[in-house]
Amino acid sequence: MRAILALAAAVLAASSPQAAPGGGKNAAGAPATAPAAASAVPNAAVSPEAYRKEIEAWRAERAAGLKSANGWLTLVGLFWLDEGENRFGSDPGNRVVLPPGKAPAMAGALVRRGESVSVRAEPAAGLTSDGKPVTSLELKSDAQGKPTVLHIGSVSFHIVKRGDRLGVRVKDSQSPALASFRGLDDFPIQPAWRVEARFEPSQPPKKKIPIANVLGMVEDQPSPGAVVFEHDGKTYRLDALSGGDDGSLFLLFADHTNSHETYGAGRFLDTDPPRNGKVVVDFNKAYNPPCAFTSYATCPLPPRQNRLPLRIEAGEKKYGQGHPG
């Protein structure tokens, strides 16, 4: 939700439920799509009824983020740019293909010059940005902060940077996936899976760990530390990534429910900042990565040390049949 963004510029650009519903990125470079993380209160201090309401509210916020006009269900395309001119429009012969019937056959061209991209639009294309007509414009990618978003009707697109590749992420606020969305499936709420973990700061403090994404790219990402928790008398450890400037944590993890009950490539989880060496890790708020909803996302994958040898029957189950993990 809020975590899924520096891996951002490099690996992903939601949403834990989109970290803020439907927008932003977390430290892993993924668009954030998840609601807020758990509060750092021991289980004994949380009444069962209050906890049930907390999780139900979190799930509702998660679903609302996915259903938003900027949520993952609106993603309909990802196209990598060549050096020079890249035409865009609804004609399938274009380098960047927009949804049929939603844009002119040839609406313009995206011109790449090294790390820079500009757009040149056909006068009748109806291209806009920030509500203003566009005929030519230099574009910012998601690696430069807030990207320049271009619109044609219900379709929007912007530049993403993944490693040394520049691409175009296309969204449609009237996408078939959004129209057919009927909600999420979750495990029953399990208070026992809301654990108070020990936080162990990284040594050295600026330690980095390699994180791969679904495109096969690997990038070293800063890890502020690890969370260590007990379950059924055994100790488990997860290396964390930064979840934001506030000190929150972003966890990429896998467990033995993957591929069957949950998404095959692992799950995401956000936490509040550690306090006094402790942090609440609430697996009831584990959620699917964007790749569970669309084949056009570029999700980070759990590092080998975060593949837990147990079943965590809590949190969000895989969506529909799921995309290949």
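The values are calculated or read from the model by the stated rules, or taken from the named source; none is laboratory data. Predicted model, so just to flag it, every value in this text is computed and none were measured. FYI the Cβ positions are ideal-geometry reconstructions off the backbone, even for glycines, and counts take in every protein chain you see. Accessible surface areas use protein heavy atoms only, side chains included; no ligands, DNA or RNA. Shrake-Rupley method; radii C 1.70, N 1.55, O 1.52, S 1.80 Å.
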Fill in the blank from the handout: When region 136-151 is checked residue by residue, the ones that are closer than 14 Å to Pro104 by Cβ and over 24 Å from the mean Cα position of the chain (by Cα) are none
Exercise for the section: Go through (1) under 25 Å from Pro176 (Cα atoms); (2) buried (at least 18 other Cβ atoms within 10 Å of the Cβ) and name the single condition Asn284 misses. Expected result: (1)
Problem - Which listed residue is farther than 23 Å from Asp282 by Cβ and modelled with pLDDT of 95 or more, from Pro224, Pro210, Pro205 - result: Pro210
Practice task
Kindly indicate which of Phe181, Phe157 is of a type in the set (Phe, Trp, Tyr) and modelled with pLDDT under 95.
Solution key: Phe181
Fill in the blank from the handout: Residue pairs qualifying under the 7 Å Cβ cut-off, at least six apart or on distinct chains, with the first in region 50-64 being closer than 16 Å to Leu269 by Cα and the second being part of a helix (DSSP H, G or I) and modelled with pLDDT of 95 or more, are Ile55/Asn284; Trp58/Lys285
Fill in the blank from the handout: Across region 194-219, the tally of residues that are open to solvent by 80 Å² or more (accessible area, probe 1.4 Å) and closer than 15 Å to Asn306 by Cα stands at 1
Practice task
From the list Leu251, Leu269, Leu238, pick out the single residue that is touching a helix residue (DSSP H, G or I) at 6+ places or on another chain (Cβ under 6 Å), under 19 Å from Pro303 (Cα atoms) and open to solvent by less than 30 Å² (accessible area, probe 1.4 Å).
Solution key: Leu238
Exercise for the section: Test Ala103 against the stated conditions and say whether it is at pLDDT 95 or above and either buried (at least 17 other Cβ atoms within 10 Å of the Cβ) or within 26 Å of the chain's Cα centre (by Cα) (or both). Expected result: yes
Practice task
Could you look through region 113-132, keep only residues that are exposed (fewer than 11 other Cβ atoms within 10 Å of the Cβ) and under 27 Å from the mean Cα position of the chain (by Cα), and pick out the one that is farthest from Gly101 (Cα to Cα)?
Solution key: Gly114
Handout entry: All positions within region 134-193 that are among the hydroxyl-bearing types (Ser, Thr, Tyr) and either touching a Gly at 6+ places or on another chain (Cβ under 6 Å) or open to solvent by 30 Å² or more (accessible area, probe 1.4 Å) (or both)
Key = Thr135, Ser136, Ser173, Ser180
Exercise for the section: Could you figure out which of (1) assigned to a loop (DSSP other than H, G, I, E, B); (2) under 25 Å from Gly65 (Cβ atoms) isn't true of Lys171? Expected result: (1)
Exercise for the section: Kindly provide the set of residues from region 65-93 that are open to solvent by 20 Å² or more (accessible area, probe 1.4 Å), at pLDDT 95 or above and not in a strand (DSSP E or B), ordered by number. Expected result: Asp82, Glu83, Ser90, Asp91, Pro92, Gly93
